[in-house]
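The values are calculated or read from the model by the stated rules, or taken from the named source; none is laboratory data. In this text the structure is predicted, and so the values were computed from the model without any measurement. Virtual Cβ from ideal backbone geometry, glycine too; neighbours counted across all protein chains shown. Remember, those area values only see protein heavy atoms, side chains included, never the ligands or the DNA or RNA. Shrake-Rupley method; radii C 1.70, N 1.55, O 1.52, S 1.80 Å.
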Amino acid sequence: MPTAPSTHTRSVVAELLRRIGAGDPGHIAELYAEQADWRLDWPESEHGRPATPWIRHRSTRADAAAHYRLLAEHHIPAQAATEVERILVDGSDAVVLGEIRQTARPTGRAYRARFALHLTVENGLITRHHVYEDSLTVARAFETTARE
């Protein structure tokens, strides 16, 4: 039987995924602590590039809202889907495994990328958001010049 912290963590993660699916950045951000450890497994030199401005480390609830807003602005929402394959929970930590399917708005290129999302929930709010995804696939979808 799951422990109380695991049950609570699972419910917060489920609510986060529901809100992400609904697409309201402000409502999503309400689930994050005022200060949170938000990291992406991308090369630091690639953070904040004009084609992918949502890709950068963040630290506040306002940053979380900005992330989801920028993500929506740079993709075609009607051509997006996420398949969550598994949610693993251990106390206050959760790992979400799955695949995203998106279409880059500037290029019209569709892509699929596997991901793992490590979340920590404390006092009902997300305090850690670490993303591990196929950054090469995402970057290539936004390339505007031909590759040699």
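Tabulated values for the structure
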quantity	calculated
Segments 104-111, 63-70 sorted - mean Cβ within 10 Å per residue, highest first	63-70, 104-111
Spatial extent of the stretch 37-116: Rg and Dmax, with the Cα atoms as the point set, Å	13.7, 42
Solvent-accessible area, 1.4 Å probe, carbon plus sulfur percent, for the stretch 28-130	50
Length-normalised contact order for the chain - Cα pairs under 8 Å, 6+ apart - percent	25
Whole-angstrom Cα spans of the chain along principal axes, big to small	54, 28, 27
Ranking by accessible area, most exposed first, for SER59, SER45 with a 1.4 Å probe	SER45, SER59
Alpha-carbon Rg/Rh ratio, for the stretch 94-148, with Rh computed the Kirkwood way	1.14
Accessible area per residue in Å² at 1.4 Å probe, computed on the chain	55
